[in-house]
Structures are given as structure tokens and as C-alpha cells.
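The structure appears below as C-alpha cells.
The values are calculated or read from the model by the stated rules, or taken from the named source; none is laboratory data. Values in this document were obtained by computation on a predicted structure and should not be read as measured data. All Cβ positions, even for glycine, are placed from backbone atoms using ideal geometry, and neighbour counts span all protein chains on display.
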Amino acid sequence: MASTGTVTAQFPVRVFGGPTALFEYGGLRFLTDPTFDAPGGYQKPGRPLLTKTAPSAGSPADLGRVDVVLLSHDEHADNLDNSGRALLADVPLTLTTPGGGRRLGDGARGLADWEAIDLDRPGGGTVTVTGVPAVHGPGTREEVEAIAGQVVGFVLTGDGLPTVYVSGDNASLDAVKEIADRFGPVDTALLFAGAPRIPVVFDGACLVLDSAQAAEAAAILGARRVVAVHYDSWAHFTEGRDELAAAFTAAGLADRLDLGVPG
């Protein structure tokens, strides 16, 4: 459940394009899924081509101190590109999937579903980060992970702090319901959206929430604010800012949608 005595004042979230956002919480600075490469294509053997279409709204040099990277998964370039991977070496802690923790080595720790870690706050006390379920496509988790790999989301809580949910590349509203049952209502939800589709993967079905599902997730979570990320700068994202605004308006939640502060 959410922390008691919660401070509900909203904190700024800087967005850099794609899934990358920076925010300060409990005196610690968190960065999500770092992607700072220039536009271009990414091709791995046996994998579809991913194309970045726009530069980031800043560079790693613009970030200042980063205490923790919240990395939903390390296997796809639109969540961790070459620049992002290099940045991890300068960050004390990267939280990610169990498999990613093993692959990334020193400085990385994998979190299983509902596994929590307490991080010391600079002024005393702790921030608790809990790994939460995420499913990167349609179907059962086992079916999806066999094709798209493991993904993790995160919930941040602390005494006197708002409850924050970072979805990662999640397409499952059932997972959102599980998270809401344990932690709702949520003060700020960073929802990965954009309705990404790749024709040769899951027959072109959405790999992450579309705009209407993001609005539904906001309602399920009882979110006071939704910061949308992961909807621009990549060719396989099929819905953007306009679709998000329209979906949240149609759901009567327009006042909860926050597109962040660029860079």
C-alpha cells in the first residue's frame, strides 16, 4: 500500500525522448531506460531492425548526478542504446530484470516480481524500490518472454513520499491491476506508451500500451498524474502526443496527463 503521511506535491520529470526520463525522489536522482544515441538503425542477427528517428532532447552530460538507473530491460536498443550502456559505468546502481542484472555485471542488480530494495536517502531514511510485473506484448507472460524477453517495472515508496510507478515496456492491464491492488492509489505513474508495433513480432500487435490503454491504466491506478514516455523518436512507435491527449480527454482524465519537461 501507499506510504502513510504522504507528501503529494508533484516533482518535475525531465524527458529526453523515447523511454528516457530523469527525476529526483527522496533526495536521490533516478534515470529511466537511457537512450542518447543519434538517430540511426540498430540491427542484431535474428532481430528486427529498430530505427531511431529523432535526437534526444539532451545528452548524458546534461544529466548531472544520477544515483540509480531504472532499466526495464537491457536487450532492446530502444530501451538501452550504446550511449546508455556506456553511461551505466558511471552510475552507482542499475536496477533491472534478473537476467539483465547477470548480463550487465558490476553495479547492476536484478529485481524479481515484488522483490524490494531499500536505498539510503541523503538526509536519512530510505527509498524502497519494488520490482513489479511487466509483460512486453500480448499473451501469457511465458509466451511473451520467449519472444520479447524479460521486462520489469518499478514502484518507489518512502516515508512521507508520494508513490511512484514506472511501468517499463508493459502491455498488460492485468499486471497494472495487480500493482494497483498492492500500491494504489499512485501519485505519479510514468507510463511507457506509444503503441509500438513490429509486423513480424506478435503479428504486429502492440508491444507496449497504446494511448487508450494508458488512459485505462491511469484510471486503474487512481493516478493523480501520468507522465507519458516511450511514444516518440522511434519508427515502430505508432501513436504519439496527439493520440495520448485525445485518449486521456476521452476518458475524462486530461488534467492528469503530463508530458514532462523536455531535457
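Restricting attention to segment 141-171, the residues being hydroxyl-bearing (Ser, Thr, Tyr) and over 14 Å from the mean Cα position of the chain (by Cα) number 2. With respect to (1) at pLDDT 95 or above; (2) not in a helix (DSSP H, G or I), the lone exception for residue 135 is condition (1). Being hydrophobic (A, V, I, L, M, F, W, C) and modelled with pLDDT of 95 or more holds for only one residue in 214, 205, and it is 214.
Of the residues that sit in segment 19-32 and are assigned to a loop (DSSP other than H, G, I, E, B) and touching a strand residue (DSSP E or B) at 6+ places or on another chain (Cβ under 6 Å), which one is surrounded by the most Cβ atoms within 10 Å (Cβ to Cβ)? Across segment 19-32, the extreme among qualifying residues is 19. If you scan segment 130-147, which residues turn out to be among the aliphatic types (A, V, I, L, M) and free of Cβ contacts under 8 Å to residues at least 60 places away in the same chain? Residues satisfying the conditions are 132, 135, 144, 146, 147.
May I ask you to list the residues in segment 46-89 that are in a loop (DSSP other than H, G, I, E, B), under 22 Å from residue 147 (Cα atoms) and over 16 Å from the mean Cα position of the chain (by Cα)? If the condition is that a residue be in a loop (DSSP other than H, G, I, E, B), under 22 Å from residue 147 (Cα atoms) and over 16 Å from the mean Cα position of the chain (by Cα), then 46, 47, 48, 49 are the ones that fit.
Is there a residue in segment 111-129 that is closer than 30 Å to residue 201 by Cα and either part of a helix (DSSP H, G or I) or of a type in the set (S, T, N, Q) (or both)? There is no residue in segment 111-129 that is closer than 30 Å to residue 201 by Cα and either part of a helix (DSSP H, G or I) or of a type in the set (S, T, N, Q) (or both). The set of residues in segment 36-45 that are of a type outside the set (Gly, Ala, Ser) and either assigned to a loop (DSSP other than H, G, I, E, B) or without any contact (Cβ under 8 Å) to a residue 12 or more places away in the chain (or both) comprises 36, 37, 39, 43, 44, 45.
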